[in-house]
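Taken together, the values in this text are just the output of simple stated rules run on the coordinates, not laboratory data. What you are looking at is a predicted structure, and each value in this text was computed from that prediction instead of being measured. Cβ placement follows ideal geometry from the backbone for every residue including glycine, while neighbour counts extend to all protein chains displayed.
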Amino acid sequence: MKSAVETLSPTRAKLTVEVPFEELKPSLDAAYQKIAKQINVPGFRRGKVPPQVIERQFPGAAREEALNDILGSKYAEALQENNLTPLAQPEVEVLKYDDQGPLEFTAEVDVKPEFELPSYDGIEASVDDLEVTDEDVAEQVEALRERFGTLIDVERPAQDGDFVVIDLVATNDGEVVDGAEISGFSYKVGNGGMIDGLDEALVGMGVDDEKTFTTQLVSGDLVGQDVEVAVKVTQVQEQELPDLDDDFAQEASEFDTLDELRADVRERLTRGKRLEQAAAARDAVLEALLEKVEIPLPDAMVTEELNARRANLEQQLVMAGMTLEKYLEDEKQTQEEFEADLERRVRDAVAAQFLLDDIADKEEMGVDQGELTQHMIRRAQQSGQDPQEFVNHMFEHNHVPELVQEIRRGKALQLLVEGATVKDGAGNVVELKNLQADGTIGEPDAAEDEAAADDEAPAEA
């Protein structure tokens, strides 16, 4: 077999492949045998029909049967010969495929770009300070206090912060909107997120008061259309909160005093902030390395990722009962700003994949069975699937290589972060080695200590 490669762009190549007849013959013989087992020809037993008879009755059938097998194997061989890593399915064109002659075909495909891997030792980056304020603690304690509050009926109009029991129905042209009728529903005035205009309508309403207002639905068949909403209040309740004292701490937690409860809340918030800071450090280190290299990106790959992220966002907005316009309004972004920001993040993400893949290759990072199993269980939990069903799906649909690559990228990123110097806003070095999932800094075990001493390598977090 002969093959040649033409570089169409930094991310796209065209292979031209010529396969002599001698190399086609095994696939053709297998195709004749397969067809012979499937046809009935008078005078011949099933499976014993000669190739010339098959060719006479079904001209070209064996060649067509063999073609896919030949194309797949020779395309893969040509990729290996020319040291190309494909990123998508190729566009194949058969140029020549005669009875006794060679097979000639071309294959255009997006390929992994080549770039010079920058030095990634000792990257410097910065993150915001890790700060838990008294206000943060007070907010958490107040949320806990509200969970232990009691509701008392009051004979006055509803105010912001009250709980009301309501009956509600939305209509369009006099017809009740499907799924937009509820009764006996408890709602906190000022909570937001249910129907635009509901909070404003409820303030000042008393028991048995009714009101109608116009709003727009954010989900369903009538999304974005005006509907009439009729709401009736059947109960107004005021929340009575327990006193913030040691008795409350004992009732709401395992602590004896309010000071101990507040200290625990501060510690928990600190652990959470540490994880947030670590995530910011990871992003900052990767961003700093990306700034040191120019990586050509395949347009098709970027477009595919953009579409996937848009679809994911749309799904999340539907589940949250929010329109894209409302989301952009909350984010204080125009449509153009949103699209530009999304494309920037996607391009950075795609470039990061190539960068981390090269680092994993250079460091010869492997993945053992235990790491793969843990990763699949974690992915299953994140998606809310049964772990065994998730594992079976990954194997059945040949997604395991993708999972292995995810693990290798994670290891490469960990190597970058642990070898970097990350400082907070005050100039303090942020400790990232041995960071545990709960936000604490753990100690490496004896085996890791020994490995670190032997290899002078940082222990895995």
> Looking only at Cα atoms, what is the convex hull volume of segment 150-240 per residue, in Å³?
Replying inline: 86 Å³
>> Based on alpha-carbon centroids, what's the gap between segment 127-191 and segment 1-80 in Å, whole number please?
In response: 68 Å
> How much length, in nm to one decimal, is gained on full extension between Phe338 and Asp209, taken as 0.36 nm per residue of separation minus their Cα-Cα distance?
Replying inline: 42.2 nm
>> How charged is the neighbourhood of Thr150? Take every other residue with its Cβ under 10 Å from the Cβ of Thr150, and add Lys/Arg as +1 and Asp/Glu as -1.
In response: -2
> Hey, which of these cross-link pairs are over 32 Å Cα-Cα: Lys188/Lys332; Lys37/Lys96; Lys74/Lys292; Lys188/Lys273?
Replying inline: Lys74/Lys292
>> Taking a virtual spin label 7 Å from the Cα of Met1 along the C-beta vector, which residues in segment 9-30 bring their backbone nitrogen under 11 Å of it?
In response: 17-20, 23-24
>> Taking 30 Å as R0, compute the FRET efficiency from the Cβ-Cβ separation of Arg46 and Lys25 and round it to 0.05.
In response: 0.80
> Simple spin-label model, 7 Å along Cα-to-Cβ: Arg310 to Glu431 in nm?
Replying inline: 4.7 nm
> Highest mean first, what order results for 169-176, 270-277 on Cβ atoms within 10 Å?
Replying inline: 270-277, 169-176
> Reachable aspartates and glutamates from Lys48, Cα under 14 Å, same-chain residues fewer than 8 places away excluded?
Replying inline: Asp29
> Between Val92 and Glu131, what is the label-to-label distance in nm when each label sits 7 Å out along the Cα-to-Cβ direction?
Replying inline: 6.1 nm
>> What does the charge count around Asp424 come to, taking other residues whose C-beta lies under 15 Å from its C-beta (Lys +1, Arg +1, Asp -1, Glu -1)?
In response: -3
> Stretched out fully, how many nm does the piece from Glu396 to Asp69 gain, at 0.36 nm a residue minus the Cα gap?
Replying inline: 115.6 nm
> Using 17 Å as the cut-off for backbone N distance, which residues of segment 15-29 belong to the label zone defined by a point 7 Å from the Cα of Asp99 along Cα→Cβ?
Replying inline: 21-22, 25, 28-29
>> Applying a 10 Å radius around every beta-carbon, put 10-16, 423-429, 125-131 in order of their mean neighbour count, most first.
In response: 10-16, 125-131, 423-429
> Taking the highest mean first, how do the peptides 390-396, 149-155 order by number of other beta carbon atoms within 10 angstrom per residue?
Replying inline: 390-396, 149-155
